[in-house]
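The values are calculated or read from the model by the stated rules, or taken from the named source; none is laboratory data. Treat the numbers as computed from the prediction; the structure is a model and nothing was measured. Counting neighbours? That spans all protein chains shown, and the Cβs are built from the backbone with ideal geometry, glycine included. These accessible areas exclude ligands, DNA and RNA; they are computed on the full protein's heavy atoms, side chains included. Shrake-Rupley method; radii C 1.70, N 1.55, O 1.52, S 1.80 Å.
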Amino acid sequence: MERYTTEREGELDFYRAFLPLVDPEADLGEMISDNNDGVLNGNLLEFKLRAGDLNAALFQCVKNLSARRLRGRPVPANIIIVDLNAGEAYLYKSQDYLSEIERVYSGGASRSNTGFIGREYDRKFPYGSDELAAADLANCLRERRFTRIHIDENCIVGWASAYYRALPGAGKEDFLGDESGGHRTLGEIRRPTIFAEYIYPYTGRTNLRFQYLMDRLNDTLQKKDLGAFYTPAPYARLAHRLLRRAIGRVPAGNDYVIIDRCAGTGNLERDLTEEELSHCILSTVEYYEYKVLQEVLGPKVRALIPPREEAGTFQAGLVKGADALSREFLEDPVIRQYVEDPGCTVILLENPPYAEAHGSERNMSGAWKGSFLHREMKSAAGGRAADDLGNIFIWSAFRYYLRQPTDSYVLFSPAKYWKAQHLVDRRFLGGYALNRRHFHTNIDACILCVLWSNEEEPGLEEFTVRGYDLTPSGELSDAGDLTVRRIHRSYSQCYYDKSPRPGDEPGIACDAEGLERRDGLSLRPIYNEDIVGYLAPKGAGFDKPDLNCTLTRCAFYNAHGFYLRRDNYLRSLPMFCASRYITYNRGWTERTRVMKSADGAERYLTDAASGRLEPWLLRCLLFTCLEMQNHMRTFTGSDGRFYRNELCLDTTNGETLASARLRDLTPGDAERELLTQWRLLLSAARRTAQYDPGKTYGVYEIYAGIDTSHRDEEGRIIFDNPEVHSALQTLKTLVRDYYNREIVPGLFEYEFIK
Ligand SMILES: C[S@@+](CC[C@H](N)C(=O)[O-])C[C@H]1O[C@@H](n2cnc3c(N)ncnc32)[C@H](O)[C@@H]1O
């Protein structure tokens, strides 16, 4: 008879027996948690109920070690495969498999492992039947040796992250430094100190091998300041189509220059023809990028700024004279000679860095703030647009570089600069929409690549571009035509009802979870009998949809919204609905291309007042009552008042404002389905121990108070009320489908999203 029927049981027993001998401090829960890949000191452990095919198990270990190398984690010297039911363990040495470990595998480690040719194991420990063998195995598990790996382009990003995590103050030179060029310092990869046991010194003279990864090797501070997101080659080639159209516009007899002030390692220029390259003027501020740029493109381009490294070029990781936002750069004589030459056409080809100074990024070091061009833009253009690094590049391109109608700008950027901030009022000649994910980020969002002609065209309200995603093998994949529309007005300008009412008196505020918050309030909360909630659908973009739209029972502590009252709540709900758009439409084509606007306000308010929109508004109400971001709750405040959730459908304690109003909605199949699911959820909630009959429950309150969970002793998540949990999951799916079918078309029609 087998002792174990699941690996987990066997693994638990194994650790219970060996951990006290090997590492009495080690935490059993931690060892068996999902995110532990079975490493104990210098040992990778792989448990099998029956180690039928040792080679297959070994291959699985090799793949796990390969994944550790890619993530910048030490590769244990020992591989131990444990046959749980036989009570036997087999020792292999990872050094023997180094070349296999240094490959990159796709798919899960436990799949397709048969056919691997392994060597004979080094030792076998029959620990289940032999005490001496068990003691030997414990000794082996105490060993802390690692197999050193080679650094290559596949794993260097993982090791860079591990390095900056281990030494938070370290800079890129400490990790990557080489002995070429003017600033010679040997970094960790070339002379390992903290990774001395884990990696072989990298012997490449320069960092050319890592040219496509230079943005991802930036240290933490640089990542924030340089906003370096690299353009993949297929997208760069799309930009070349636009560039060639720009070159086609050069008047006969003119010379032309292609300027890229933030070229990084030259991804945008790499595939240009020799002739085109001979017109390029390139620069970039980060030292190691500059060195690669110089090595790869320096000899081929018309000018590099600065042209060569000199003593003092390296300045704390940056290149002296290459900061495109400095006065020195703006007045650089090499560029000026072309910009001031009427017989020369200027084309800019750029993917400017992207970093914002508001919201959660406010704390970033932001060395670019206070730069010469930042100050110039602030005084000339004013407003918040200047608080965006990319915008400074865009604004200054038109202000200082482009002068003639035949000058052009091929520009990569999220749409906001044109769509919401109106930074460019020039002629649109064509463009593409691209998936931001492929610019070394993990965000699905839309990046535009547009060819702007330097001719004024102030009334442009929309343009259409072709969308292209990339397939896993890097091919362009056509996403069809996508229209980008300008937005002019915000919700707060047109829709926030801030008028005081008779009977307003001091009240209390809520936090983002919908419960009372008493400290750090940005407003003086108001109470009135007719107030049923507070809606704060902040900002035009969808950067953090859950943080940027709150719907709470009382004032939101951080303000930026308005009170929902019995007489205005219904017509205000489309703003809540619109704020959920990205949550239910996560495709890359939507985020940053679509934003919130109040441009349809007159039409909307007229139609809403006429009663024509009643059925749609009631559907918005139904959606709002059943949507999780509605954080209204029922509670008694510190002011002694009982606050009841009125925008929900729980009528246990009598009709709510919403349930009464929804009597006017003639339910179709979709509504009936939603309501049935809601009743199912509520009755499941009523059967739980946590249910409080005095409360009026909304979906969020059920989620927060009743759909609770805990972890069992093996670390698995266990839902306390599985019926509630599954009913809630189903409701969520129905709500999403309902939203996209019934709510979204009206939101676009009235330009709540645009
Ligand atoms: C979005 S990346 C684009 C890089 C490259 N052109 C590409 O498309 O792959 C922006 C680049 O601007 C550089 N950069 C950031 N701030 C800069 C500044 N003030 N002056 C010059 N370059 C800067 C970054 O180091 C980064 O290489």
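Do the conditions hold for Arg216, that is, is it closer than 18 Å to Leu411 by Cβ, within 16 Å of the ligand (Cβ to nearest atom) and assigned to a helix (DSSP H, G or I)?
Working: closer than 18 Å to Leu411 by Cβ: no; within 16 Å of the ligand (Cβ to nearest atom): yes; assigned to a helix (DSSP H, G or I): yes.
So Arg216 fails the test.
Specify which of the listed residues (Glu88, Glu153) is open to solvent by less than 60 Å² (accessible area, probe 1.4 Å) and not aromatic (Phe, Trp, Tyr). Before the answer, list the steps.
Details: Glu153 fails: open to solvent by less than 60 Å² (accessible area, probe 1.4 Å).
On inspection, the qualifying residue turns out to be Glu88.
So which of Arg485, Arg466 ends up being open to solvent by 40 Å² or more (accessible area, probe 1.4 Å), closer than 28 Å to Ile247 by Cβ and not assigned by TED's automatic domain parsing to the domain that holds Cys577? Outline the logic, then answer.
Values: Arg485 fails: closer than 28 Å to Ile247 by Cβ.
That would be Arg466, the only listed residue that is open to solvent by 40 Å² or more (accessible area, probe 1.4 Å), closer than 28 Å to Ile247 by Cβ and not assigned by TED's automatic domain parsing to the domain that holds Cys577.
Within the stretch 720-731, identify whether any single residue is in contact with a helix residue (DSSP H, G or I) (Cβ under 7 Å, 6 or more places away or on another chain), of a type in the set (A, V, I, L, M, F, W, C) and surrounded by fewer than 17 Cβ atoms within 10 Å (Cβ to Cβ), and answer yes or no.
no
Hey, does the stretch 222-231 have a residue that's hydroxyl-bearing (Ser, Thr, Tyr), touching a helix residue (DSSP H, G or I) at 6+ places or on another chain (Cβ under 7 Å), open to solvent by less than 10 Å² (accessible area, probe 1.4 Å) and within 14 Å of the ligand (Cβ to nearest atom)? Talk me through it step by step, then tell me what you get.
The first filter runs over the stretch 222-231 and keeps only residues hydroxyl-bearing (Ser, Thr, Tyr), leaving 230-231.
Adding the requirement that they be touching a helix residue (DSSP H, G or I) at 6+ places or on another chain (Cβ under 7 Å) leaves 230.
Checking the rest, the ones that are also open to solvent by less than 10 Å² (accessible area, probe 1.4 Å) come to none.
No, that holds for no residue.
Check the stretch 515-526 and report whether any residue there is in a loop (DSSP other than H, G, I, E, B), open to solvent by 20 Å² or more (accessible area, probe 1.4 Å) and among the small types (Gly, Ala, Ser).
Yes, that holds for at least one residue.
Among the residues of the stretch 6-32, how many are surrounded by 14 or more Cβ atoms within 10 Å (Cβ to Cβ) and part of a loop (DSSP other than H, G, I, E, B)?
The total comes to 3.
Of all residues in the stretch 158-177 being assigned to a loop (DSSP other than H, G, I, E, B) and free of Cβ contacts under 8 Å to residues at least 40 places away in the same chain, which is surrounded by the fewest Cβ atoms within 10 Å (Cβ to Cβ)?
Taking the stretch 158-177 and keeping what is assigned to a loop (DSSP other than H, G, I, E, B), we get 167-171, 177.
Restricting the remaining residues to those that are free of Cβ contacts under 8 Å to residues at least 40 places away in the same chain gives 167, 169, 177.
Values: Leu167: 15, Gly169: 9, Gly177: 22.
Out of the qualifying residues, it is Gly169.
For the stretch 468-488, which residues satisfy the criterion of being of a type outside the set (S, T, N, Q), closer than 24 Å to Val424 by Cβ and part of a strand (DSSP E or B)?
Of the residues in the stretch 468-488, the ones of a type outside the set (S, T, N, Q) are 468-470, 472, 474-476, 478-482, 484-488.
Of the ones still in play, those that are also closer than 24 Å to Val424 by Cβ are 468, 479, 481-482, 484-488.
Correct list: Tyr468, Ala479, Asp481, Leu482, Val484, Arg485.
So how many residues does the stretch 429-464 have that are assigned to a loop (DSSP other than H, G, I, E, B) and either on the phi > 0 side of the Ramachandran plot or touching a Cys at 6+ places or on another chain (Cβ under 8 Å) (or both)?
Adding up the residues that qualify gives 1.
Could you say which residue among Val62, Val104, Val82 is over 16 Å from Phe47 (Cα atoms) and of a type in the set (Val, Ile, Thr)? Show your work before the answer.
Numbers: Val62 fails: over 16 Å from Phe47 (Cα atoms); Val82 fails: over 16 Å from Phe47 (Cα atoms).
It is Val104.
Just to be sure I understand, how many residues within the stretch 306-356 are among the charged types (D, E, K, R) and more than 15 Å from the ligand (Cβ to nearest atom)?
Initially, the stretch 306-356 is screened for residues among the charged types (D, E, K, R), giving 308-310, 320, 323, 327-328, 331-332, 336, 340-341, 350, 356.
The next check asks that each one be more than 15 Å from the ligand (Cβ to nearest atom); those that pass are 308-310, 336, 340-341.
Final tally of qualifying residues: 6.
If you scan the stretch 237-290, which residues turn out to be open to solvent by 20 Å² or more (accessible area, probe 1.4 Å), in a helix (DSSP H, G or I) and within 15 Å of the ligand (Cβ to nearest atom)?
Result: Arg237, single match.
Quick check: anything in the stretch 550-569 open to solvent by 20 Å² or more (accessible area, probe 1.4 Å), touching a Phe, Trp or Tyr at 6+ places or on another chain (Cβ under 7 Å) and under 22 Å from Tyr697 (Cβ atoms)? Walk me through it before giving the result.
Let us first name the residues in the stretch 550-569 that are open to solvent by 20 Å² or more (accessible area, probe 1.4 Å), namely 553, 557-558, 560, 563, 566-567.
Applying the additional criterion that residues be touching a Phe, Trp or Tyr at 6+ places or on another chain (Cβ under 7 Å) yields 553, 563.
Filter again for under 22 Å from Tyr697 (Cβ atoms), leaving 553.
The answer is yes, given that some residue of the stretch 550-569 is open to solvent by 20 Å² or more (accessible area, probe 1.4 Å), touching a Phe, Trp or Tyr at 6+ places or on another chain (Cβ under 7 Å) and under 22 Å from Tyr697 (Cβ atoms).
Pairs please, first residue from the stretch 568-586 and more than 16 Å from Thr606 (Cα to Cα), second anywhere and basic (Lys, Arg) and surrounded by 24 or more Cβ atoms within 10 Å (Cβ to Cβ), Cβ atoms under 6 Å, 6+ apart in sequence or on different chains.
Cβ pairs passing all conditions: Ala578/Lys596.
How many residues does the stretch 709-743 hold that are assigned to a helix (DSSP H, G or I) and out of contact with any strand residue (DSSP E or B) (no Cβ under 8 Å at 6 or more places or on another chain)? It would help to see each step written out before you state the result.
We begin by selecting, within the stretch 709-743, every residue assigned to a helix (DSSP H, G or I); these are 722-743.
Next, from what is left, pick out any that are out of contact with any strand residue (DSSP E or B) (no Cβ under 8 Å at 6 or more places or on another chain): 722-724, 726-743.
Count: 21.
Do the conditions hold for Leu141, that is, is it farther than 11 Å from Leu217 by Cα, open to solvent by less than 70 Å² (accessible area, probe 1.4 Å) and touching a strand residue (DSSP E or B) at 6+ places or on another chain (Cβ under 8 Å)?
On the way: farther than 11 Å from Leu217 by Cα: yes; open to solvent by less than 70 Å² (accessible area, probe 1.4 Å): yes; touching a strand residue (DSSP E or B) at 6+ places or on another chain (Cβ under 8 Å): yes.
Yes.
Mind listing just one residue for me: the one in the stretch 112-142 that is among the small types (Gly, Ala, Ser) and part of a helix (DSSP H, G or I) and, of those, nearest to the chain's Cα centre (by Cα)?
In the first step, residues of the stretch 112-142 are kept if they are among the small types (Gly, Ala, Ser); the result is 112, 115, 118, 128-129, 133-135, 138.
Imposing the further condition that a residue be part of a helix (DSSP H, G or I) reduces the set to 133-135, 138.
On the way: Ala133: 50, Ala134: 48, Ala135: 48, Ala138: 43 Å.
Only one residue fits best here, namely Ala138.
Quick one: what pairs do we get from the stretch 192-211, first residue at pLDDT below 95, second part of a loop (DSSP other than H, G, I, E, B), C-beta under 6 Å, 6+ apart or different chains?
So the pair list comes out as Arg205/Ser180; Thr206/Asp178; Thr206/Ser180; Arg209/Glu153; Phe210/Glu153; Gln211/Thr265.
Report whether or not Val301 is over 34 Å from the mean Cα position of the chain (by Cα) and either within 15 Å of the ligand (Cβ to nearest atom) or not in a loop (DSSP other than H, G, I, E, B) (or both). Before the answer, list the steps.
Values: over 34 Å from the mean Cα position of the chain (by Cα): yes; either within 15 Å of the ligand (Cβ to nearest atom) or not in a loop (DSSP other than H, G, I, E, B) (or both): yes.
Criteria met by Val301.
Here is a check on your reading of the model: is Arg148 more than 16 Å from the ligand (Cβ to nearest atom) and not acidic (Asp, Glu)? Even if it seems obvious, please write down each step before you answer.
Working: more than 16 Å from the ligand (Cβ to nearest atom): yes; not acidic (Asp, Glu): yes.
Taking the combined requirement at face value, the residue satisfies it.
With respect to the numbered conditions (1) surrounded by fewer than 19 Cβ atoms within 10 Å (Cβ to Cβ); (2) part of a helix (DSSP H, G or I); (3) touching a strand residue (DSSP E or B) at 6+ places or on another chain (Cβ under 8 Å), which one is the sole condition not fulfilled by Leu747?
Failing condition for Leu747: (1).
Mind checking which pairs have a first residue in the stretch 320-335 that is assigned to a helix (DSSP H, G or I) and a second that is among the basic types (Lys, Arg), Cβ under 9 Å, 6 or more apart or different chains?
Glu328/Lys320; Phe329/Arg261; Leu330/Arg336; Val334/Arg302; Ile335/Arg261
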